[in-house]
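Notes for the one structure printed next.
Please treat every number below as a calculation from the coordinates, not as lab data. Since we're looking at a predicted model, the values are computed, not measured. All Cβ positions, even for glycine, are placed from backbone atoms using ideal geometry, and neighbour counts span all protein chains on display.
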Amino acid sequence: MIKIDGSYGEGGGQILRTAIALSCVTQKPVEVYNIRANRPKPGLAMQHLKGIEAAKMITNAEVEGLKLGSTRVVFKPRSLKGGNFRIDIGTAGSVTLILQTILLPSLYAERPSVFEIRGGTDVKWSPSVDYVRFVTFKALRELGAKVELDLIARGYYPEGGGKIVVKVEPSKLEGKNFEVLPCDVIRGISHCQNLPNHVAERQRNSAVNILKERGYDAEIDVEVRRGVSTGSGITLWCGYKGSVELGEKGKRAEIVGKECAEKLLKELESDGAFDKHLSDQIMPFSAVASGKTVYTTTEVTKHQISNAYVINKFFDNVKIDGRRIEINGIGL
């Protein structure tokens with residue numbers, strides 16, 4: 001039984017998601033204790049519960065502590081299977097954080113998987129669906145992952161109502177030495193739902209103006225929808241770097257676009273092949289790939305340190321040396 005201290009490092013849900021994902025893919029039982037101990041409301045929230053339930057579905061696992069507020073979970077996988085699965089978080093909980101639990105093991109299932117996940121697609125404290133589609137999946141495909149994501153409906157806080165469909169083919173992951181990519185054109189999507197078109201347009205125009213002032217060309221699509229929830233946001237990306245900013249009541253659309261552009265500029269103008277978020281997201285996949293993965297990060301974060309801690313409990317194969325990250329994949 002591999003024991004993981006959920007209060008280590010950033011002490012949030014990341015530790016739990018990585019631990020369960022690695023348990024699924026290795027078929028090794030894991031105990032996570034002190035779950036989210038550093039948060040105002042410790043223990044499992046709904047999206048963590050749904051993530052573990054999804055992992056239980058794809059591995060026929062035996063689970064202890066699967067209830068809201070639980071600060072200890074024991075997860076014992078029995079098998080790993082593909083198939084068609086539906087997951088409804090029931091709130092605006094992040095659909096992309098659910099993926100962090102189930103995507104990696106699904107790459108090693110014996111047959112393809114299709115996940116229909118309902119919840120929040122563009123919510124705080126999580127990567128937006130566009131960031132995952134255009135930044136995370138870009139890097140994963142270069143490791144050999146065969147994944148596709150279709151955005152069916154957007155979901156914002158608090159109602160949610162978003163829907164994605166993710167298709168996963170069994171894949172053989174191979175390590176890679178990632179280099180800094182030149183940024184010729186910044187791309188993006190500025191979106192709003194149940195709001196006037198000009199909200200998304202103003203977000204885009206503000207971002208474009210900031211980026212052009214700094215010498216970058218930008219092509220940002222505008223997307224306007226009707227749906228269950230009301231909200232807006234913008235995601236920008238170039239190569240292995242991206243940024244996300246969400247609208248909120250009382251915050252001008254111009255500020256949303258400006259802040260998103262400034263976040264991306266900070267990443268682009270910092271040394272490092274990966275932005276600080278992609279750097280931790282790619283770790284578990286690299287850990288089970290064949291061969292070595294090496295990349296630099298623009299900033300070492302608590303999320304990266306927490307992920308390295310969990311992965312090293314399983315394999316002891318992640319080394320962070322300054323802003324250089326080296327992972328000797330075990331070759332599952």
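Which of the GluC sites (Glu not before Pro) across the range 212-279 are loop residues per DSSP, with 16 or fewer other Cβ within 10 Å?
Details: sites: Glu213, Glu219, Glu223, Glu245, Glu248, Glu254, Glu259, Glu262, Glu267, Glu269; in loops: Glu248, Glu269.
In loop regions of the range 212-279 (DSSP not H, G, I, E or B), the sparsely surrounded GluC sites (Glu not before Pro) are Glu248, Glu269.
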**Study point:** Pairs of lysine residues in the range 1-84 - Cα separation under 20 Å, sequence separation of 8 or more or cross-chain
**Key:** 16
Check your understanding: For the chain, which cysteines have no disulfide-compatible partner, meaning no other cysteine Cβ under 4.7 Å?
Key -> Cys24, Cys192, Cys260
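What full-extension length gain, to one decimal in nm, is calculated for Arg141 and Lys81 as 0.36 nm per residue of separation minus the Cα-Cα distance?
Details: separation 60, 0.36 × 60 = 21.60 nm, distance 2.13 nm.
Roughly 19.5 nm would be gained on extension.
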Study note, to complete from the structure: Looking only at lysines whose Cα falls under 21 Å of Lys266's and that sit 8 or more positions away or on another chain, we get Lys124, Lys138, Lys212, Lys241, Lys258, Lys276, Lys302
Exercise for review: Between Ile255 and Met57, with labels modelled 7 Å along Cα→Cβ, what's the label distance in nm to one decimal, could you check?
Suggested key: 3.9
Study note, to complete from the structure: Rounded to the nearest 0.05, FRET efficiency between Glu116 and Met1 (Cβ-Cβ, R0 41 Å) equals 0.80
Practice item. For the chain, with a Gaussian network of springs between Cα atoms less than 10 Å apart, report the residue from Ile210, Ile52, Ile15 with the top mean-square fluctuation. Key: Ile210
Review point. Among the aspartates and glutamates, which fall within straight-line cross-link reach of Lys319, defined as a Cα-Cα distance under 14 Å, with same-chain neighbours fewer than 8 residues apart omitted?
Key: Asp280
Review point. Once both axes come from the Cα atoms, what is the angle between helix 95-106 and the longest principal axis of the chain, in degrees from 0 to 90, rounded to 10?
Key: 40
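Based on the Cβ-Cβ distance from Glu64 to Lys167, what FRET efficiency comes out when R0 is 22 Å, to the nearest 0.05? Don't jump to the answer; show the numbers that get you there.
Numbers: r = 32 Å, r/R0 = 1.45.
Efficiency at R0 = 22 Å is approximately 0.10.
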Point to revise | Cα→Cβ-extended label distance, 7 Å offset, between Asp184 and His198, nm | key: 3.6
